[in-house]
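This report concerns only the one structure given below.
Laboratory data are not the source of any read-out in this text; all were calculated from the coordinates shown. All figures in this text were calculated on a predicted structure; none of them were measured in a lab. Reconstructed Cβ throughout: ideal geometry from the backbone, glycine too, with neighbour counts over all protein chains shown.
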Amino acid sequence: MILPIELLIALVVWGTLVGVDLVSLPQMMIARPLVAGTVAGAILGDIPTGLKLGVVFELLQYDILPVGAVRYPEYGPATVAAVATAHASDGVLGLGLGALVGLVTGLAGGLTINVLRRVNSRIVHAAAAQLESGDPSVLARLHVGGLLRDALRAALVTVFGQVLAWLARPLLGGVLSVRGAVLLAVAIVATALAAGAAGTLRLVGRGPNLAWFAAGLAGGLAVTIWLR
Amino acid sequence: MAAVKRPLARALLRLFAVQGSYNYERMLGVGVGVAEEPLLRDLADGKYRPAVARGAHFFNAHPYLAGLAVGAAARAEHDGAAPDQIERLREALCGPLGSLGDRLVWAGWLPFLSGLTLAAIALGAGWIAVAAFLIVYNIGHVALRWWALKAGWTHGTRVSIALHHPVLHRAVALLGPAMAFSVGAALPLTAAYLSAPFESWARVALAIVAALSFLAMRLRGDRIHGLRLSLALAAVALVVGIIWP
């Protein structure tokens with residue numbers, strides 16, 4: 001299914017805003033997969049799919065602690081691409097294909113962040129003498145240039161994700177059996193849950209917070225069983 | 001008072017983009033210089049440009065708390081502190097601001113609210129949970145940025161007083177357990193929510209793969225992480241799915 005052009009434009013604009021929010025401006029957490037996926041779902045008129053993929057990528061996000069200059073995948077625009085892929089396919093097939101497209105887009109997004117930082121480093125290094133003059137216009141030019149480059153990077157990652165979404169449906173949707181689609185979804189959802197648990201335990205550590213984690217886990221399990 | 005408030009407001013707005021030119025050479029330095037510049041405009045002619053240049057030197061910290069360094073350095077420039085003292089102040093703030101911000105936000109406030117949101121979605125709250133997450137998170141986010149800038153501007157070179165504020169330490173002490181509890185509770189609820197569309201054999205497979213993946217990430221966390229493992233297992237599932245009709 002080819003999305004109408006106005007929806008594609010809306011997704012690319014949203015993916016770009018999400019990509020810029022991750023590091024550059026304003027870090028209000030629209031880059032979190034939960035938010036990126038839900039709004040992408042709303043754009044497509046399919047909020048449940050947006051929520052579901054948002055949850056999958058939010059769990060994967062727990063694997064990352066963005067401290068210092070650490071390198072990490074970019075799951076915001078990735079979730080937008082995942083939702084666009086899943087929207088056109090039914091049920092479990094959509095979940096698996098969407099998550100796969102999102103993972104590849106997330107990997108590509110992470111690589112572009114590293115490239116952008118290297119480019120920024122070269123530009124700042126070249127302008128070192130001008131910066132030492134204390135000219136505020138030089139500062140503003142370097143800074144705005146960095147912001148614009150990040151916006152361009154985020155837009156390119158989002159477009160890349162949308163192209164993958166467009167390719168994945170006819171290429172993989174047609175050859176995957178129902179069992180294969182389920183296996184794909186199982187593989188990605190399972191690793192997302194494992195990444196969520198492992199990432200959280202890294203944050204929690206072995207101190208007193210571990211008891212709180214265990215208490216939460218027990219409470220969550222009790223509610224899950226009770227609701228069944 | 002109004003004469004001070006306007007530059008502070010400008011600095012705050014610029015702080016939202018403090019990582020806009022993030023790079024491996026000066027890290028947040030250029031962004032910090034841009035944010036500090038409105039607070040330096042009323043310095044005497046011979047002091048303004050050297051102060052702007054100092055502001056753009058290497059700096060790295062948590063972005064939400066960078067305002068503390070911006071305010072403190074600008075205040076120190078106004079108070080006539082020696083240039084090397086201001087440089088030392090900035091250097092001394094990098095570690096504590098990074099560590100405090102990471103514990104308070106990245107390992108506290110953010111995963112705490114994210115865990116609550118995941119649980120709420122799994123329980124059927126839908127997009128309203130996501131909207132509530134955005135609003136509540138950003139109340140804390142904006143308040144922290146504003147407090148940091150104002151505290152830095154108020155205390156100048158004695159900014160360590162602000163870093164020892166009891167509310168900050170109480171928040172870190174509370175958010176650790178709250179985060180652990182909320183994400184712990186969210187995990188089983190989320191597992192049930194995501195596995196709902198699967199048949200029973202697929203749910204068993206999901207539990208086995210999740211358990212093995214968790215073990216792999218715990219035992220070989222240095223080499224195996226979520227993205228790498230997800231892609232590897234997805235590739236295997238794709239191959240199996242194509243050759244096994």
Overall form of region B:177-220 per C-alpha gyration tensor (a/c, 1.5; a/b vs b/c): oblate
Alpha-carbon centroid distance for the pair region B:75-114 / region A:173-228, whole angstrom: 35 Å
Distance between region B:210-238 and region A:151-171 - C-alpha centres, whole angstrom: 25 Å
Rg/Rh (Cα only; Kirkwood hydrodynamic radius) as it applies to the protein assembly as shown: 1.01
Helix axis angle, A:5-23 relative to chain A longest principal axis, alpha carbon, degrees: 70 degrees
Dipole magnitude of region B:2-197, debye to nearest 20 (Cβ charges: Lys/Arg +1, Asp/Glu -1, about Cα centre): 340 debye
Cα centroid separation, region B:4-61 to region A:34-92 (Å): 34 Å
Highest to lowest packing among A:182-195, A:114-127, A:24-37, scored as the average C-beta count within 10 Å: A:182-195, A:24-37, A:114-127
10 Å Cβ neighbours from other chains, averaged over peptide A:56-63: 6
Calculated FRET efficiency for the pair B:Val236/A:Ala211, C-beta based, R₀ 30 Å, to 0.05: 0.25
Shielding by partners - mean other protein chain Cβ count within 10 Å, residues of B:58-67: 1
Alpha-carbon Rg with Dmax, taken over region B:198-245, Å: 12.2, 36
222 nm mean residue ellipticity, helices alone, for chain B (DSSP H n ≥ 4; -39,500 (n - 2.57); rounded to 500): -25000 deg cm²/dmol
Whole-Å semi-axes of region B:51-171's equivalent ellipsoid (Cα gyration tensor): 34, 12, 12
Among B:Ser21, B:Ser213, B:Ser182, residue whose mean-square fluctuation peaks in a GNM of chain B (springs only between Cα atoms under 10 Å): B:Ser213
Residues B:Ile224, A:Ile9, sorted so that the one with the fewest Cβ neighbours within 10 Å comes first: A:Ile9, B:Ile224
Approximate shape of region A:1-48 as ellipsoid semi-axes (Cα gyration tensor, √5λ), whole Å, largest first: 21, 13, 6
Reachable aspartates and glutamates from B:Lys150, criterion Cα separation under 19 angstrom, eight or more residues apart if same chain: B:Glu36, B:Glu37, B:Asp42, B:Glu77, B:Asp79
Two-decimal log10 I(q)/I(0) for chain A, as the Debye equation yields it once each C-alpha is a single scatterer, q = 0.13 Å⁻¹: -0.81
Evaluated over chain B, the Cα radius of gyration and Dmax, each in Å: 23.4, 78
